[in-house]
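**Q** Sharing a structure, written as structure tokens. Questions coming.
The values are calculated or read from the model by the stated rules, or taken from the named source; none is laboratory data. Predicted model, so just to flag it, every value in this text is computed and none were measured. Ideal geometry is used to build each Cβ from the backbone, glycine not excepted, and the neighbour counts take in all protein chains shown. SASA here: full protein model, heavy atoms, side chains in, ligands and nucleic acids out. Shrake-Rupley method; radii C 1.70, N 1.55, O 1.52, S 1.80 Å.
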Amino acid sequence: VVLAGNHDNAHRFEAVRPVFAALGVTVAGVPRRPHEGGVVELTARDGTGARVAMVPFCSQRSIVRASQLMELDAAQLAQTYDERLRRVVAHLVEEFDGDAVNVVAAHGMVTGARLGGGERAAQTFEDYWIGAAAFPANAHYVALGHVHRAQQIGGAAPIWYPGSPLHVDFGEAENTPGVLLVEATPATPAQVRAVPVTGGRTLRTLRGSVD
């Protein structure tokens with residue numbers, strides 16, 4: 001499952017969806033209703049079912065209408081973005097139950113996350129914050145993109161940013177690139193294991209005198 005993020009062109013993702021679908025890869029450029037592609041049903045090799053609710057990155061202009069921009073102040077606009085995105089998530093997870101591994105995959109700025117250094121500043125401040133309470137307790141795992149530092153976010157479900165698999169810029173020199181391997185069954189909580197990615201080139205900033 002591949003979601004468009006804030007660095008991506010959502011329309012390009014949508015254009016290649018049929019090609020990747022033929023290869024067994026689900027690509028999501030924009031949010032969809034659950035039965036129109038917003039939730040994908042998967043079956044593991046051992047027959048275990050999995051259900052993935054997908055929330056690609058939503059820009060503020062896709063959530064907040066022009067009329068609201070004229071009428072509301074900055075704090076109210078931020079609250080509107082948070083409230084509407086919570087409603088999107090709530091709609092997608094309505095059919096989460098105990099018969100499958102329930103996963104929320106989302107690209108966004110969750111309140112309390114620590115920045116990794118390579119993010120776009122304009123899309124990480126208060127206007128784009130989402131409360132962790134948006135993610136339900138019956139989700140086995142919440143896979144997040146957007147913040148480039150690996151970290152867990154406190155919430156009713158296991159909520160994780162895996163961070164960047166490679167250093168995106170020199171602001172990430174102190175981060176350890178890696179991926180997260182997650183194991184879960186319908187009856188057991190997710191077990192998360194960090195695996196460092198060592199194949200990329202490490203970025204370093206050197207400081208000193210001219211001599």
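**Q** Exactly one condition in (1) out of contact with any helix residue (DSSP H, G or I) (no Cβ under 7 Å at 6 or more places or on another chain); (2) surrounded by fewer than 16 Cβ atoms within 10 Å (Cβ to Cβ) is not met by Trp160; state its number.
**A** Here Trp160 meets the rest and fails (2).
**Q** Just to verify a result, which residue in the range 22-69, among those that are among the polar types (S, T, N, Q) and modelled with pLDDT under 90, is nearest to the chain's Cα centre (by Cα)?
**A** By that ranking, first place goes to Ser59.
**Q** Considering only residues that are touching a residue at least 12 places away in the same chain (Cβ under 8 Å) and part of a loop (DSSP other than H, G, I, E, B), look in the range 10-26 and name the one that is nearest to Val39 (Cα to Cα).
**A** Thr26
**Q** Follow-up question, since we're still on this one. Only one residue in Ala133, Ala139 is open to solvent by 60 Å² or more (accessible area, probe 1.4 Å) and closer than 30 Å to Arg84 by Cβ. Which one?
**A** Only one candidate passes the filter, namely Ala133.
**Q** Here's a follow-up. Got a sec? Which of Ala78, Ala21 is open to solvent by less than 20 Å² (accessible area, probe 1.4 Å), more than 16 Å from Phe135 (Cβ to Cβ) and of a type in the set (A, V, I, L, M, F, W, C)?
**A** Exactly one of Ala78, Ala21 is open to solvent by less than 20 Å² (accessible area, probe 1.4 Å), more than 16 Å from Phe135 (Cβ to Cβ) and of a type in the set (A, V, I, L, M, F, W, C), namely Ala78.
**Q** Then there's this: Checking the conditions here, which among Leu203, Leu144, Leu181 is farther than 23 Å from Gly49 by Cβ and either modelled with pLDDT of 90 or more or over 14 Å from the mean Cα position of the chain (by Cα) (or both)?
**A** Only one candidate passes the filter, namely Leu203.
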